[in-house]
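**Q** Here's a structure for you.
The values are calculated or read from the model by the stated rules, or taken from the named source; none is laboratory data. Since the structure is predicted, the reported quantities are computational estimates derived from the model, not experimental observations. In this analysis, Cβ positions are derived from the backbone assuming ideal geometry, glycine residues included, and neighbour counts consider all displayed protein chains. Protein only, heavy atoms only, side chains kept; ligands, DNA and RNA dropped before computing areas. Shrake-Rupley method; radii C 1.70, N 1.55, O 1.52, S 1.80 Å.
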Amino acid sequence: MQRVILWLRPGTLDRYLLAQLMPPFLVALSVVMSALLLERLLVLFNLLTTGNSHLVTFIGLLATLLPHYLGQALPAALCVSVFSIIRRMSQNEEIDVVNSSGRSLLRMIRPYLQLGAFLGALSFLLYGFIQPHARYDFRSAFYFASHAGWTPRMQSRLFASPSPAMTFTADKVTQSGSELYHVFIRDIKDGEEHDITARRGHIRIADDGNAVEIELEDGMILTTSADDPPTVALFDHSTRYLAHAAQVVPFRQRGEDERELTSPELVARLVTNDTTTISRLHLLSELHFRLARCLTVPFIPLLATALAITRKRQRDVIGLPAAFIIMVGFDHLMQMAHSMAATGSASVLSIWLAAFVFMALCVVPLLYRSGVFSLLRAKLENRLHTRQTPTGNA
């Protein structure tokens, strides 16, 4: 137990390496997250503009996507940041200084291995508990945003009657019929006639999603009735309800997709053999897929370190592309093994086979770079020479 505590306790070198790693790690994480979110951002922007949804809806949808892409961005950011730090230390011969003090390459990157283990545990929480709920929340929010009811598409100088008591028109209409200029509205309610003029109006779905409203700016309301004299009111901003939105069918319950189930829920369905909505193969494949991805994260610093070390007076330009190819290839291989295991074309062992291949690609190059293979070969040659020497003398 004391050895474990001493191994976990960071030293001066460990704190230095972690301090060097944090800035590039945060930058790489931000860049990778932005790149992954870019495609979905375009889809969400299109939903926001064509459906006249609120900005709050867009932000909510974006927040539900963060756990999914964070699980993909963490391994990539860890690989890039470790690679950049080790490459700089290799070029500045800092690694030689550390080795001359009696510390091996594996001892030097110990804080990065600990960080990888921490990110692996964090990935287990993301894949097994946070992402399933976030995936369902995104699908539910996207469903309601896409079926929030009708929004009238106005045309310039045409009259619209969202209800028998209301008629309105506008001299100029833009933004696919949602942005209006020089608006006129006649609304008859409770025996009173309200004639409204406004310089500008904007049609959208109300915050509760149950009505269509128009926001008016810089206008005047003329109210007339049979009993009272006419009154005039000026306003800078006013909101009027045009009509009730169509009722949206409630979204389905969570759990009809195995990716929406947490890891304990997957295990519970496997134990109880609950395969009414999801087959056992899909449940088993999803569970093994999550575990395998989490266990491979701590090996990423080994791969980045092995590919970042360069020979003296030689510039190696294939290290980072090679790491990128291995990471992307491993992700695609895992996805293919996951799909094959879910459909019954292969066993779940194919998922672990892909994971073990990736682990081997991480460990073997580092052992070669650290000179372990050369040391073993030297010991083997020395042992063979020792055995052959007496026979030669005789």
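**Q** Under the 0.36 nm per residue contour assumption, what length would be gained going from the current alpha-carbon distance of Thr239 and Leu158 to full extension?
**A** 27.1 nm
**Q** Then there is this: Mind putting a number on the dipole of the chain about its Cα centre? Charges go on the C-beta only, +1 for Lys and Arg and -1 for Asp and Glu, and I need it in Debye to the nearest 20.
**A** On the way: 36 positive and 32 negative charges, 702 e Å.
Dipole magnitude for the chain comes out near 3380 debye.
**Q** For the stretch 338-391, what class follows from the C-alpha gyration tensor (a ≥ b ≥ c being the square roots of its eigenvalues): rounded when a/c is under 1.5, otherwise prolate if a/b is larger than b/c, else oblate?
**A** Working: a/c = 10.13, a/b = 2.94, b/c = 3.44.
Here the stretch 338-391 falls in the oblate category.
**Q** For the pair Val357 and His385, how long in nm is the line joining their label points, each one 7 Å along Cα→Cβ?
**A** For the pair Val357/His385, the computed spacing is 4.0 nm.
**Q** Further question on the same structure: With everything on Cα atoms, drop me the angle between helix 131-146 and the longest principal axis of the chain, reported from 0 to 90° to the nearest 10.
**A** Around 30 degrees separate the two axes.
**Q** Please report the base-10 log of the normalised intensity I(q)/I(0) for the stretch 297-372, using a Debye sum with one equal scatterer per alpha carbon and no solvent, at each q in 0.22, 0.25 (1/Å).
**A** -0.95, -1.11
**Q** Still on this structure, please answer the following. Quick one: which residues, 5 or more positions from Leu242 or on another chain, have an amide H under 5 Å from its amide H? H modelled 1.01 Å from N in the peptide plane, none for Pro or chain starts.
**A** The list, which skips near neighbours in sequence, is Val212, Glu213, Ile214.
**Q** For the chain, find the longest principal axis of its Cα atoms and tell me its angle to the long axis of helix 280-296, 0 to 90°, nearest 10.
**A** The angle comes out at about 60 degrees.
**Q** Would you check the accessible area of Val31, probe 1.4 Å, heavy atoms only, in square angstrom rounded to 10?
**A** 90 Å²
**Q** What does the accessible area of Phe45 come to, in Å² to the nearest 10, when a probe of 1.4 Å is used?
**A** 100 Å²
**Q** If you average the sequence gap of Cα pairs under 8 Å that are 6 or more apart and divide by the length of the chain, what percent do you get for the contact order?
**A** 15 percent
**Q** Kindly sort Val97, Val56 by accessible area of their heavy atoms, largest first, with the probe set to 1.4 Å.
**A** Largest accessible area first, the list is Val56, Val97.
**Q** Okay, moving on. Largest first, please: the extent of the C-alpha atoms of the chain along each principal axis, to the nearest Å.
**A** Over the chain, Cα extents along the principal axes are 132, 53, 40 Å.
**Q** Which ³J(HN,Hα) values, rounded to whole Hz and listed in residue order, are derived for the stretch 40-45 from phi using the Karplus coefficients 6.51, -1.76 and 1.60 in 6.51 cos²θ - 1.76 cosθ + 1.60 with θ = phi - 60°, glycine and proline given as x?
**A** 5, 4, 5, 5, 5, 5
**Q** OK, next. Averaged per residue, what accessible area in Å² does the chain show with a 1.4 Å probe, protein chains only?
**A** 57 Å²
**Q** How large a share of the accessible area of the chain, in percent, is made up of carbon and sulfur atoms when the probe is 1.4 Å and the other protein chains stay in place?
**A** That share works out to 62 percent.
**Q** Based on the mean of other beta carbon atoms within 10 Å per residue, what is the order of 10-21, 351-362, most packed first? Write out the running numbers ahead of the final one.
**A** Numbers: 10-21: 14.6, 351-362: 18.3.
Top to bottom by mean Cβ count within 10 Å: 351-362, 10-21.
**Q** Separate question: Treating the angle as unsigned and between 0 and 90°, give the value, to the nearest 10°, between the Cα long axis of helix 372-393 and the longest Cα principal axis of the chain.
**A** 10 degrees
**Q** Report the label-to-label distance for Gln253 and Thr12 in nanometres (one decimal), using points 7 Å from each Cα along the Cα→Cβ vector.
**A** Taking the two extended label points, one gets 6.2 nm.
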